[in-house]
Amino acid sequence: MSTNEMTGGEAMARMLKACGTGPMFGMGGFQLLPFYDAARRIGLDHNLINDERCAVFIADAYAKVAGRVGVCDATLGPGATNLVTGLVEALNAGSPLVVFVGDTHRLHAWKNMTQETRQIEILRPACKELIRIEMVERIPELVRRAFQVATSGRPGPVVVDVPEDVCHGTHPFDEAEFAVDPGISMAPSLRCRPASEDLTRAAAMLAGARRPLMLCGGGVHISGATAAAEALAHAINLPVAHTMTGKGAIACSDPLNAGLFGRYDRIANALIDASDCLLVVGCKLGEIATKRYTVPAAGKTVIHLDNVAEEFGRTFQPTLRLWGDAREGLRDLALELAGEADEIRARQQGYADEVAAKMAEWRGSVEARLTSDERPINMARLLNELNAAMPADGILVADGGFAAHWGGLLYDTKQAGRGFVPDRGFASIGYGLPGAMGCALAAPGRPVVGLTGDGGFNMVMGELETARRLKLPLTVIVVNNAASGYVKALQHLMYGAGSYQSSDLAEVNYARVAESLGCTGIRVEDPADIAAALRQGIAGDGPTLIDIVVTRDPAHMLPGVDNRTVQVKKGDRVA
């Protein structure tokens, strides 16, 4: 058996190569230099980032769309602590990541070394597992372990802490030590199925229901279960509502689609209220999805399918728990119902037609807002133009705040699958641009549009340089309302007109900012110009920024097609 003396950093790089790792991002320091040198020599696709938080955001979006492990790295101290926000996004969203951080030389640890901090204690609660490598010879074993943990159960980020002397140290590795099961690079790498007696009971509950409804969360995408969801829905005329991360469980254009449920809904909340059996799939039933835990109402018949047993009963006590992978559970339910599916589908046709009619009625009721010629531009008009411009395989990335809520409410996917990527794990601001970069890398050839606010773009605009350097074909829309619009709108609702504090931004022409960074910049002030700008951006071969001047009126900023009638009572949170 051949051996090869190499540094710990080269062993890390060889393990990543063996795992088939895609593009990765980081900002190096002395501790990880052997890894960087090996990445160069063996041809890893490693790229410099301008902010470590964005490196995790890119890796997170890449993992969400590619279904593969996203990888990034950071140096010790401030590099490591800059990762926290992105790690929590990935942890809460179930995104498989492996993140390397350099650490101090163990011979001198806790002697006030440069940039030294208790980074392990800081990072540990922000990730699924933290693995510290204490011996050079254990690098292949522990990197393999990191991939296994990241892709099993509910996927998540695994941090690998590498002391300087471990990365710079050497060891004669056997070539066989770098063998990897390719399955651990994909998520989920393992699947479990609900108990057969539970599936039989669930099928009977669905078969006996007259107004059943499927509620899909982001777990349908993590599991790759959209085809199974679509098949079950069509087999028995089962309407489907979704959370923001569950959008695309079935196509939004499907007649069985009931749209977003929870805080921002079209018709779904009323359907939930009238339903006699709810099938909840891959959904944590968190605050926004449940309109602060009021939807579904207490006592509703709920079947909850999830592969994380701890989620059962956290916010709602289900009638029946189905512990298993979403894709496998939905497939098994379809098999259980197959013998009577035709009969159920025929019986339920009137109910399905009712759902489609209610959605059509809703669309008609808001047509004036969707086609508004208001200046500054109305957000509903912008989303309506996006719906018209985006091809079926397009991907819309939505930043936290306004972008996710407006996009979740009004953007329509045209096919099942992950075509809408919001950062709902942590809902942090600043995801729009780096998220679009991760999606563009994960799905070359698919048009990618990032939707962000001016506040969110201000946080990360330096990554336009990275996107330009990588020649990434993507479009970033900056929703320019010269404000931290979410906060300003809430201040308006809660305290009245003129009661604004620390929520205004300077007026900025972001198209010029983009041009100064060597990218295409387009400023849109007339809604009639949105379509042409989107066509130009989507057809472009590099980064394009579209600066869209939207309403400055905080009474009209909140996500919704028409929010002028919102009334706030003590204790309410409307957004």
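The values are calculated or read from the model by the stated rules, or taken from the named source; none is laboratory data. Because the structure is a prediction, the values reported are computed rather than measured. Note that we place each Cβ from the backbone using ideal geometry, even for glycine, and neighbour counts take in every protein chain shown. Calculation scope for accessible area: heavy atoms of the full protein, side chains included, ligands and nucleic acids excluded. Shrake-Rupley method; radii C 1.70, N 1.55, O 1.52, S 1.80 Å.
The Cβ shell under 9 Å around residue 105 holds other residues with a net charge of -2, Lys and Arg each +1, Asp and Glu each -1. Charged neighbours of residue 161, selected by a Cβ distance under 12 Å, balance to -2 (K, R count +1; D, E count -1). For a label point 7 angstrom out from the Cα of residue 502 toward its Cβ, which stretches of the stretch 400-440 have the backbone nitrogen within less than 17 Å? Answer for the stretch 400-440: 429. Eigenvalues of the alpha-carbon gyration tensor of the chain, scaled by 5 and square-rooted, set the equivalent ellipsoid semi-axes at 39, 31, 20 angstrom, largest first. Computed in the context of the full set of protein chains, the accessible area of the chain at 1.4 Å probe radius has 51% of its extent on carbon or sulfur. Nearest 10 degrees is fine. How inclined is helix 226-236 to the longest principal axis of the chain, computing both from alpha carbons? Compared with the principal axis, the helix lies near 20 degrees.
Label-to-label distance for residue 532 and residue 108 is 6.1 nm, based on points extended 7 Å past Cα in the beta-carbon direction. Between residue 494 and residue 200, the simple label model (points 7 Å from Cα in the Cβ direction) yields a spacing of 5.3 nm.
From the Cα gyration tensor of the stretch 218-320, with a ≥ b ≥ c the square roots of its eigenvalues, which class applies: rounded if a/c is under 1.5, or else prolate if a/b is larger than b/c, or else oblate? Rounded is the answer for the stretch 218-320, as its axis ratio a/c remains below 1.5. Taking a straight Cα-Cα cut-off under 12 Å and skipping sequence neighbours fewer than 8 places away in the same chain, the aspartates and glutamates within cross-link reach of residue 291 are 265, 572. Subtracting the Cα-Cα distance of residue 192 and residue 293 from their residue separation scaled by 0.36 nm leaves 33.5 nm. Residue separation of residue 273 and residue 314 scaled by 0.36 nm, minus their Cα-Cα distance, works out to 12.7 nm of gained length. Listed here are the pairs 128/300; 64/111; 128/471; 247/300; 128/488; 284/358; which of them are more than 31 Å apart at the Cα? Pairs exceeding 31 Å: 128/300; 64/111; 128/471; 128/488. Seen from all directions on average, the stretch 429-511 presents a Cα convex hull projection of 6.0 nm².
A 1.4 Å probe run over the chain, with the rest of the protein chains in place, finds 37 Å² accessible per residue. Using a cutoff of 8 angstrom between alpha carbon atoms and counting only pairs six or more residues apart, the relative contact order for the chain works out to 13 percent. Compactness check for the stretch 184-274: Cα Rg over 2.2 N^0.38 Å is 1.15.
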